[in-house]
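Asker: This structure is in structure tokens; I'll ask about it shortly.
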Amino acid sequence: MYLPDGSRVCALVFLLGAISQGALAFSQELPDAPSVVQNASFSSTEGSDAASDAPKSPDTTSPGSSDGKFLSRWAKRGLRDQAGIYTAPFHLSELGWAIGVPVVTLGLIAIDKHASGALSRNGINASTDITDVGLFATAGAVGVLLLDGETRGDSHALETGVLGAEAMANSGLVYAALQLITERQRPLHGTGRGNFFETSGLDNSFPSGHTIITWTAASMIAHEYPKLWVKWLTYGTTTAVSVTRFTSLQHFPSDAVVGSTLGYLIGRHVFHAHCKAGLSAAYSAKIAQENTVSISRKREVTDVEE
């Protein structure tokens with residue numbers, strides 16, 4: 001049965017959100033282990049994350065009370081993530097992205113209608129099938145890691161699954177907000193020019209829901225397992241999704257590029273904000289690099305004082 005782009009993405013996000021909530025409930029360590037890495041991704045506003053999510057000693061509170069506290073902490077964490085995502089462009093560390101993304105987007109919007117108009121209508125169904133397979137395969141990989149982590153007690157796989165679902169939920173909220181704000185027509189709708197503020201609901205063109213979700217999942221997996229073959233596999237799959245969203249005439253080039261970029265950055269943000277020390281090689285490498293820089297600066301200060 002065919003579902004519009006927005007419906008498929010929303011269904012996927014809510015499904016993964018439910019899975020992640022269940023996983024967090026069974027794995028109390030994960031929400032209590034935010035990273036101390038700051039400004040390495042979307043600048044995090046989670047300075048108080050460690051305090052608010054600090055492990056609590058076992059108590060005898062009722063199950064209903066425990067569930068309420070868990071949901072409250074989970075909601076607050078989600079709000080902090082959303083705040084960090086939306087305020088990121090105002091941080092100096094993200095200046096390159098804050099300038100580059102709008103410039104590239106405006107340039108692509110200017111040529112969108114010409115690019116889509118030059119495409120053949122042949123092969124649309126094949127491209128659509130590829131995008132669907134890529135979406136559910138990438139998001140499904142997050143679900144598999146989550147279930148595998150729970151089954152085998154693999155903390156790294158469990159973290160990847162939980163944070164991957166959490167990141168995709170964040171992407172889903174960003175996607176919904178942009179869809180409701182921009183209201184852009186798809187290439188095969190209206191005049192085919194991709195006019196903004198002409199539609200309604202969550203089945204619009206800007207940005208692409210497939211790309212933002214797949215790139216978020218791929219970004220999380222690639223950051224958790226920073227091996228070359230993992231990056232080639234995940235980013236290769238998501239690149240195919242981005243391209244075929246255009247060739248299937250479901251989206252304009254700018255829709256796919258913006259969705260891909262936001263998905264990558266949101267996945268990176270959630271990873272650096274919440275990954276647990278000692279699980280990911282990428283986290284360990286980042287800490288080692290920061291320690292090296294810190295030692296070098298201390299030596300420079302000491303040399304100056306002497």
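The values are calculated or read from the model by the stated rules, or taken from the named source; none is laboratory data. Only a predicted model underlies this, so the values are computations on that prediction, with no experimental measurement involved. Positions of Cβ are generated from backbone atoms using ideal geometry, with glycine treated the same way; all protein chains shown enter the neighbour counts. Note: accessible area is taken over every heavy atom of the protein model, side chains too, but ligands, DNA and RNA are not part of it. Shrake-Rupley method; radii C 1.70, N 1.55, O 1.52, S 1.80 Å.
Asker: Rounded, prolate or oblate: pick one for segment 224-275, where a ≥ b ≥ c are the square roots of the eigenvalues of its C-alpha gyration tensor, a/c under 1.5 means rounded, and failing that, prolate if a/b is larger than b/c, else oblate.
Answerer: Verdict is oblate for segment 224-275.
Asker: Starting from the 7 Å offset along Cα-to-Cβ, what nm value, one decimal, do you get for the label separation of Ser72 and Lys113?
Answerer: 5.4 nm
Asker: Please report, in Å, the Rg and the Dmax of segment 76-118, where both are computed over Cα atoms only.
Answerer: Answer for segment 76-118, Rg first and Dmax second: 15.2, 47 Å.
Asker: Going by a ≥ b ≥ c, the root eigenvalues of the Cα gyration tensor, does segment 95-170 fall in the rounded group (a/c under 1.5), the prolate group (a/b larger than b/c) or the oblate group?
Answerer: Here segment 95-170 falls in the oblate category.
Asker: Okay, moving on. With every protein chain present, what accessible area does Tyr225 have (1.4 Å probe, heavy atoms only), rounded to the nearest 10 Å²?
Answerer: 60 Å²
Asker: Subtract the Cα-Cα distance of Phe197 and Ala240 from 0.36 nm times their separation in residues, and report this length gain in nm to one decimal. Write out the running numbers ahead of the final one.
Answerer: On the way: separation 43, 0.36 × 43 = 15.48 nm, distance 2.86 nm.
Contour length minus the Cα-Cα distance gives 12.6 nm.
Asker: When N counts the residues of segment 139-232, how does its alpha-carbon radius of gyration compare numerically with 2.2 N^0.38 Å, as a ratio?
Answerer: Values: Rg = 16.8 Å, N = 94, 2.2 N^0.38 = 12.4 Å.
With N residues counted in segment 139-232, Rg over 2.2 N^0.38 Å equals 1.36.
Asker: Continuing with this model, one more query. Could you work out how far apart the two model spin labels at Trp229 and Thr87 are, taking each label as a point 7 Å from the Cα in the direction of the beta carbon, and quote it in nm?
Answerer: 4.2 nm
Asker: May I pose another question? Return a whole-number percent for the relative contact order of segment 158-277, with Cα pairs under 8 Å and 6 or more residues apart as the contact set.
Answerer: 34 percent
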